Amino acid sequence: MWFQLVLVVALVLIGAYLLLSKPGARHLAVRRVIMLISLLAGVTVIIWPGLLTQLARLVGVGRGVDLLFYLALVAGLLYVVNEYKRSVMLARANTHLARELVLTEARLTDRISALEARLDERAP
Amino acid sequence: MTGMPEQSSTPASVEALATTWAVIPLYNEAAVVGDVIRELRESIPNVVCVDDGSRDGSAEIAEAAGARVLRHPHNMGQGAALQTGIAYARTQPGCQYVVTFDADGQHRVEDALAMVGLSERDGYAIVLGSRFLDDRTDPGFRKRLVLKLAAAVTNAATGMTLTDAHNGLRALRVDAAHVVNLQQDRMAHASEIVAQLGRSGLPWAEFPVHIRYTDYSKAKGQSMLNSINIVVDLVIR
């Protein structure tokens, strides 16, 4: 059952993606291509359900449902990893934004209190 | 020029301390932060405190103690607060040194003064506190093990030879402070800051400091499980 090998390779690749990849335009493109292929494959096996079973036999899984189950697991894992990376990115962006706000406000209030101090000096 | 300096603990000159900014990340330390800031300001008048969303009135207490308080809109983590404080301090007019100091009272002011003094006298741009250069500090066996492990991991990643990787007491000359750009919001910043400073190629030294493990700081201390979070944060980005 060489499909086991495919599954293991898929999981290793997802692990590598989790650890190594840096998000960017290329990844977005890859994600979109995967999404498109999945949609087309979905439509295809809905119209010709027999294809799924044939494919499953071809890779040595047996039933089409089993193949679908395995693929769904891989897809789900990929989704979780993707969302995790995205949430890390968003948290960073949020921190950056908050910091800029805090520093801008600090600069402003420092400037204002410096000006007020100067005004107080001049006041009679 | 790296490594261990002669064990001298002459404090920095008054002129140097007048151009020093102390950065204190602050999160729910109302019980102690007032005293910490007052004691610190006797020798380092410029103190910026970054309140990371405390809900116990810490920010007001810090302000009353005379610190410049910056308030994060919500809790983002100690690394985030440290970066905000360093970014503020290093752009202040005349700033020559930035000292990072903990809010919970476990650091000693005289150590901070001696570290700035070492930088001033011997030209180290980076002086990192270490509790393992002498045997004054007893963190307990388990904590010692975790800290030593953290130091080993950091050394392997940065090529530096530190004896203590997670010590919050640091003295940075302003050029070194400008190198720091922390992305790690939570505790993993302690390894990240060492890595960034190490890459800068600026001269650095470790300085033996004493950590006061009070019942208060022990109760608030890091859980050992959190070291898993630190490793995951460092590995996955």
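Any idea how many Lys pairs in the protein assembly as shown come in under 27 angstrom at the alpha carbon, given 8 or more places apart or on separate chains? It would help to have the intermediate numbers written out before the result.
Values: A:Lys22/A:Lys85; B:Lys143/B:Lys218; B:Lys143/B:Lys220; B:Lys148/B:Lys218; B:Lys148/B:Lys220.
Lysine pairs meeting both conditions in the protein assembly as shown amount to 5.
Quick check: convex hull over the Cα atoms of chain A, volume per residue in Å³, rounded to an integer?
Numbers: hull volume 15.8 nm³, N = 124.
Taking the convex hull of the Cα positions in chain A, it is 127 Å³ per residue.
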Checklist entry - Looking only at segment A:66-97, which residues have a backbone nitrogen under 12 Å from a spot 7 Å from the Cα of B:Val232 in the C-beta direction? => result A:84-85
Item to check | segment A:1-41 and segment A:103-124: distance between their alpha carbon centers, rounded to Å | outcome: 56
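In debye, nearest 20, what is the charge dipole magnitude of the protein assembly as shown about its Cα centre with +1 on Lys and Arg Cβ and -1 on Asp and Glu Cβ, if you could check? Mind showing how you got there, number by number?
Working: 36 positive and 35 negative charges, 362 e Å.
I would put it at about 1740 debye.
Would you mind getting the accessible area per residue of the protein assembly as shown, heavy atoms of the protein chains only, 1.4 Å probe, in Å²?
On the way: 19360 Å² over 361 residues.
The answer is 54 Å² per residue.
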Checklist entry - If each of A:Glu116 and B:Arg199 carries a label point 7 Å out from its Cα toward its Cβ, how far apart are those two points in nm? => result 4.1
Item to check | Cut-off under 5 Å, modelled amide H: who pairs with B:Val99 long-range | outcome: B:Trp21, B:Ala22, B:Val23, B:Leu172
Checklist entry - Thinking of the protein assembly as shown as a set of Cα atoms, what percent of all their pairs are more than 34 Å apart? => result 39
Checklist entry - What are the principal axis extents of the Cα atoms in chain B, in Å, biggest first? => result 42, 40, 34
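Between B:Leu149 and B:Asp122, what FRET efficiency comes out of the Förster formula 1/(1 + (r/R0)^6) with R0 = 25 Å and r the beta carbon distance, rounded to 0.05?
Details: r = 30 Å, r/R0 = 1.21.
E(calc), rounded to 0.05, equals 0.25.
Mind checking how much accessible area A and B bury in total, 1.4 Å probe, in Å² rounded to 100? Spell out each step's value before the answer.
Values: alone 10260 and 10660 Å², together 19360 Å².
Approximately 1600 Å² gets buried when A meets B.
Determine, from the Cβ-Cβ distance of B:Asp175 and B:Thr10 and an R0 of 22 Å, the FRET efficiency 1/(1 + (r/R0)^6), rounded to the nearest 0.05.
Numbers: r = 22 Å, r/R0 = 1.02.
Efficiency, from the Cβ-Cβ distance: 0.45.
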Next on the checklist: In segment A:69-110, what residues drop by 30 Å² or more of accessible area when the other protein chains are put back, versus the chain on its own? Use 1.4 Å, and skip ligands and nucleic acids.
Outcome noted: A:Tyr84, A:Arg92, A:Asn94, A:Thr95, A:Ala98, A:Arg99, A:Val102, A:Leu103, A:Ala106, A:Asp110
Item to check | Cβ-placed point charges (K, R +1; D, E -1), dipole of segment B:8-91 about Cα centre in debye, nearest 20 | outcome: 240
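Would you mind working out the magnitude of the charge dipole of chain B relative to its Cα centre, with +1 at each Lys and Arg C-beta and -1 at each Asp and Glu C-beta, to the nearest 20 Debye?
The calculated dipole for chain B is roughly 520 debye.
The values are calculated or read from the model by the stated rules, or taken from the named source; none is laboratory data. Here the structure is a predicted model, which means the values were calculated and not measured. Please note: Cβ atoms are built from the backbone with ideal geometry, for glycine as well, and neighbour counts cover all protein chains shown. Side chains included, ligands, DNA and RNA excluded: accessible areas come from the protein's heavy atoms. Shrake-Rupley method; radii C 1.70, N 1.55, O 1.52, S 1.80 Å.
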